[in-house]
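Heads up: the structure comes next, in structure tokens.
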Amino acid sequence: MKLTKTKIYNSLEAKSIIFDYKNKGKKVVFSNGCFDILHKGHKTYLNAARELGDFLIIGLNSDSSVRELKGSNRPVIDQNNRANNLLKLDCVDAVTIFNEDTPEKLINDLSPDLIVKGGDYKPEEVIGADYVQSYGGEVIILPFVPGYSSTNIIMRMQGKDLTEGESSN
């Protein structure tokens, strides 16, 4: 584990860090999500995302934005613990928490070189894609790791049926 990752950055701090990396010719990779229950699918995807650049920053949905997106019973794990869980991964260099429903403002503030999302997205569905592509950045969709979903893990814990098409891994 990297000992330099000691805090969760606000958007202003993250912007400054990214500015420094980009000035050094480093490639900044951005991804975002709720990461309510960190699982193998997340870890595989985040490791692959980090290999695409020099610095991986995660835009993490705040507790309030997760509730807006997923319902009143979510998140299961609070934002600070979710952020710290992400920071325990060697591939994650920084985390910043955003309150909006989408990371569009955060992406506009940070101006990453790459936006990376999992295979359950299409490039045209990725928030911030147009902005990042407007200055030569890229949007990369990584393969989906089948059988892993925080929602389905929570549903199994509650004894509910799995979403159609998902395995019980």
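Values quoted throughout were computed directly from the atomic coordinates according to the rules given, and no laboratory measurement underlies them. It should be emphasised that the depicted structure is a prediction, and the values quoted were computed from it without experimental measurement. Here Cβ is always computed from backbone atoms with ideal geometry, including for glycine, and neighbour counts include all displayed protein chains.
Some values worked out for this structure:
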{"quantity": "For q = 0.13, 0.14, 0.20 Å⁻¹, Debye-computed log10 I/I(0) when each Cα of segment 11-157 counts as one equal scatterer", "calculated": "-0.53, -0.62, -1.34"}
{"quantity": "Of Lys24/Lys122; Lys24/Lys70; Lys7/Lys122; Lys26/Lys122; Lys22/Lys70; Lys15/Lys43, pairs whose Cα-Cα distance is over 29 Å", "calculated": "Lys24/Lys122; Lys24/Lys70; Lys7/Lys122; Lys22/Lys70"}
{"quantity": "Net charge contributed by nearby residues that have their C-beta within less than 12 Å of Glu124 (K/R +1, D/E -1)", "calculated": "0"}
{"quantity": "Spin-label pair Ile141/Thr102, simplified geometry with 7 Å Cα→Cβ offset, distance in nm", "calculated": "1.7 nm"}
{"quantity": "Mean separation of Cα contacts under 8 Å (6+ apart) over length of segment 1-112, as relative contact order %", "calculated": "37 percent"}
{"quantity": "Added length on full extension, which subtracts the Cα-Cα distance from 0.36 nm per residue, Lys88 to Gln133", "calculated": "13.2 nm"}
{"quantity": "Inter-label distance, nm, simple model (7 Å from Cα along the C-beta direction), Lys26/Lys7", "calculated": "1.7 nm"}
